[in-house]
Amino acid sequence: MQEILEGVWWIRRPMVNVYVVQTHEGLWLVDAGTPWDAKALLAALRSLGVERGDLRAILLTHGDFDHVGSAAHLRDTLHAPIWVHPADAEAVAGRAPIRRRVVGGLATRLSIALSSRLVHAPPVEPDRTLADGEVLAEGCLHVIHTPGHTDGHVCFFDERRCLLFGGDVVRTSRRRMYRPPFVLADADAQRQTLRKLATLKFDRAVFGHGPPILNDADHLLRAELTALEP
Ligand SMILES: [Zn+2]
Ligand SMILES: [Zn+2]
């Protein structure tokens, strides 16, 4: 675990990133890793002094298994409520699959169909839903509905830190700052989401996959926007 900005910790797991954010309202977890990350996430949280009842909420950027996987375990252990956008809430609760409409070629399609049959996050009933434009913590953690990768994908915008929690809207890599996600529910919505994010001012951006971008993040996103548009 690494404190990448004051009050923002990056928990880097083999498949996915998880973040802890401190605000005046308390500590929040952004995403909950895969089902195999529960022990490591708990250890990381405990090293920050987090005990039962200390987390304000587990905020889910979306309902994919690599972001929801340990949510049920963390909720039981830490007594932390789970908040997610209504459009992904049924998937988190295990009552519906994540809708995927655009999944590339046959090979990608098959591998996604297979992995979604083999790998499930333990279902968990969300405690509350998130609405576009909602402010969870004053000056930090504004909810932005960013459908495309999934219908209920959201980003969290921390105005005070000039930081975007971008979930799986894009991913980052060392070679290229932004890359499109592998799978989408809705390519048109994704295009609109990228245009919407390009109007925001954020120096820093962190995502579910890939290293954080700690300066000029919005400029880089705008520069790559054409290439990113599906
Ligand atoms: Zn995803
Ligand atoms: Zn992901």
**OP:** Return yes or no: is residue 181 in a loop (DSSP other than H, G, I, E, B), over 24 Å from residue 134 (Cα atoms) and under 17 Å from the mean Cα position of the chain (by Cα)?
**Re:** yes
Original post:
Just wondering, is there one or more residues in segment 136-151 that are β-branched (Val, Ile, Thr) and at pLDDT below 90?
Top reply: no
Subject >> Qualifying residues in segment 64-74 (those that are touching a Ser or Thr at 6+ places or on another chain (Cβ under 8 Å) and open to solvent by 10 Å² or more (accessible area, probe 1.4 Å)) - the one nearest to ligand 1 (Cβ to nearest atom) >> reply: 64
Original post:
Of all residues in segment 192-230, how many are part of a helix (DSSP H, G or I) and open to solvent by 60 Å² or more (accessible area, probe 1.4 Å)?
Top reply: 8
Original post:
Say we look at segment 120-168 and pick out the residues that are within 16 Å of ligand 2 (Cβ to nearest atom) and among the small types (Gly, Ala, Ser); which of these is most open to solvent (accessible area, probe 1.4 Å)?
Top reply: 121
Original post:
If you scan segment 25-37, which residues turn out to be in contact with a Gly (Cβ under 8 Å, 6 or more places away or on another chain) and open to solvent by 10 Å² or more (accessible area, probe 1.4 Å)?
Top reply: 35, 36
Subject >> Boolean, residue 117 is exposed (fewer than 15 other Cβ atoms within 10 Å of the Cβ), modelled with pLDDT under 95 and among the basic types (Lys, Arg) >> reply: yes
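The values are calculated or read from the model by the stated rules, or taken from the named source; none is laboratory data. None of the values given here were measured: they were computed from a predicted structure. Here Cβ is always computed from backbone atoms with ideal geometry, including for glycine, and neighbour counts include all displayed protein chains. Heads up: the accessible areas ignore ligands, DNA and RNA and are worked out on the full protein's heavy atoms, side chains in. Shrake-Rupley method; radii C 1.70, N 1.55, O 1.52, S 1.80 Å.
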